[in-house]
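Worksheet: one structure, shown below.
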């Protein structure tokens with residue numbers, strides 16, 4: 001099915017983290033007790049409170065949204081939808097290296113229950129990796145892609161391209177060199193392979209890129225063969241603030257990159273501070289709001305500068 005696409009500004013605060021969040025922030029081991037579950041859910045409500053503050057001050061109307069899991073965030077998705085924010089729900093089983101549905105064969109029913117604008121899949125896919133693994137993932141992802149488009153929901157694809165051992169060896173184990181020299185080409189190859197397998201995202205959620213030319217090639221691939229309305233957004237990877245700002249500024253200068261989804265860099269310190277009682281709840285929410293507004297400002301300035309440059313270049 002041809003993707004519907006999505007080419008409007010899209011500024012997401014993602015906090016659908018589960019496995020790494022529960023273990024890293026709370027040091028809980030599943031299965032969670034009722035009290036532990038409530039503590040995790042309340043921390044996600046705190047993140048949402050920060051989002052609400054930001055969305056009410058300086059974020060373009062219609063562009064602000066949240067990405068959260070159903071388990072801890074169903075009520076937040078409902079509230080955000082009622083208030084006109086963009087909503088996205090995660091579909092993948094958290095903590096798994098292979099893409100599998102969180103709710104198995106019932107995945108479509110769970111998506112419909114929370115009625116988001118986007119269903120999101122996080123996928124680790126290296127086109128030079130194990131072929132059988134890639135084929136299994138392609139089959140499941142096509143199911144999700146088709147289900148979204150049948151229901152006229154948008155499909156968001158979060159593409160991670162972890163290095164194989166051989167690829168890391170070729171750059172002497174330097175992960176920065178891999179990110180700069182190898183990953184951009186692999187991302188394009190992965191996108192093409194997935195498209196050819198019938199996986200048709202409306203928005204690609206892309207690891208940050210340092211070079212504008214690489215961003216341009218990503219957009220060309222996302223929009224190839226008539227996929228003209230497909231958008232791309234930048235994810236934060238939990239990087240430091242300077243790195244996130246750099247990635248956002250680079251992506252914003254390229255038409256087709258419509259926004260971002262920056263999670264841990266937005267909320268982790270604030271939630272940790274609240275849990276350690278070094279921040280009040282209001283202070284933690286304000287810190288989250290401030291960082292989210294910062295990302296919006298960086299992207300908006302880059303987007304408007306790019307639009308001005310394109311207008312000036314028009315005949």
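Any read-out appearing in this document is the output of simple, stated calculations on the displayed coordinates, not a laboratory observation. Remember, predicted model here, so these are calculated numbers, not experimental data. Reconstructed Cβ throughout: ideal geometry from the backbone, glycine too, with neighbour counts over all protein chains shown.
Below are the figures for this structure:
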read-out: Top of 198, 24, 73 by mean-square fluctuation, Gaussian network on the chain, Cα under 10 Å; value: 24
read-out: Computed over the range 178-244: relative contact order in percent, which uses C-alpha pairs under 8 Å that are six or more apart; value: 37 percent
read-out: Residue exposure sequence - 191, 25, 156 - by fewest surrounding Cβ within 10 Å; value: 25, 191, 156
read-out: Cα gyration tensor category, rounded, prolate or oblate, for the chain with a/c compared to 1.5; value: rounded
read-out: Most mobile of 179, 97, 225 in a GNM of the chain (Cα contacts under 10 Å); value: 225
read-out: Order of 160, 12 under a 10 Å beta carbon neighbour criterion, fewest first; value: 160, 12
read-out: GNM result for the chain, Cα springs below 10 Å: residue of 165, 63, 55 fluctuating most strongly; value: 165
read-out: Beta bridges by DSSP in the chain, antiparallel share as percent, to the nearest 5; value: 5 percent
read-out: The range 70-176: antiparallel DSSP beta bridges as a percent of all, rounded to 5; value: 10 percent
read-out: Mean separation of Cα contacts under 8 Å (6+ apart) over length of the chain, as relative contact order %; value: 21 percent
read-out: Residue order, fewest to most beta carbons within 10 Å, for 17, 27; value: 27, 17
